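First up is the structure itself, then whatever we jot down about it.
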Amino acid sequence: MKKQSRRSRRGFSLLEITLALVLLGIMLAVALPLLARYQRYAQLDMTARVLIANIYKARQLAVMQNARYRIYFDVMGHAYHYKVDYNNNRRLEATEQAARFFYLPLEIRFDCSGVKGPPSDPRKPPSSPVTFTHGLMSVGPEGRWSNPGTIYLGNAVEDRMAITVNIAGTVRLWEWDRDAGRWRHI
């Protein structure tokens, strides 16, 4: 049996361990900011998709309950809610004030800064982060929205998304491409 040399029985040298730790530190320094940015983008995307799901839900409930649903947007409060007009007289009475509130996550807000829009006409900047008349969407028992509009969402790292709704009920999600200066359908 051969004897192993003294060098083959030793572990790593201090220089090798230090070099490995430095390389690991460099990789983490590059990866962590990218991971944080992706996490913020994913939160914005999830918020937009939840809002779209609630838009579809209001439309479905309006048809099922033969009622008019209205979604109100509170831009300054970073929230939205819907109310039901059960007797379909286009007025909300005290007995019809059943509302459910949805709050945007802390880093997400209604925001149209830095974009051109709406996606259908990207030549001029939008006037408001919610372009529906009086800041509300209204859907009747036939499932048609009373007016088209766009909802703009943003986060702290300048990511922007837009949700467009037409009268027929088609809902589309858009992402702002800062490099190209235009909207891209997702």
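Each value in this text was obtained by applying a stated rule to the coordinates, not by laboratory testing. Being a predicted model, the structure only gives us computed values, none of them experimental. Because the Cβ atoms are built from the backbone with ideal geometry, glycine has one as well, and the counts that use them run over all protein chains shown.
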Difference of contour (0.36 nm per residue) and Cα-Cα distance, L61 to E16: 9.7 nm
Under 9 Å, Cβ to Cβ, from Y152 - net charge with Lys/Arg +1 and Asp/Glu -1: 0
Among P33, P141, P105: highest mean-square fluctuation, GNM of the chain, C-alpha pairs under 10 Å: P33
Whole-percent pair-distance distribution, where bins are 5 Å wide, for the alpha carbons of the chain: 1, 7, 13, 16, 14, 10, 8, 6, 4, 3, 3, 3, 3, 3, 2, 2, 1, 1, 0, 0
Long-range HN-HN contacts of A79 with modeled amide H, under 5 Å: D74, L104
Kirkwood Rh, angstrom, the stretch 77-182 [1 / mean 1/r, Cα pairs]: 15.2
Residues in the stretch 32-54 reached by a label modelled at F102 [backbone nitrogen below 15 Å; 7 Å Cα→Cβ]: 44-54
Sum of -39500 (n - 2.57) over DSSP H runs of 4+, divided by residues of the chain (222 nm, nearest 500): -11000 deg cm²/dmol
Helix axis angle, 14-65 relative to the chain longest principal axis, alpha carbon, degrees: 20
Residue-span extension gain [N166 to R144] - 0.36 nm each, minus C-alpha spacing: 7.0 nm
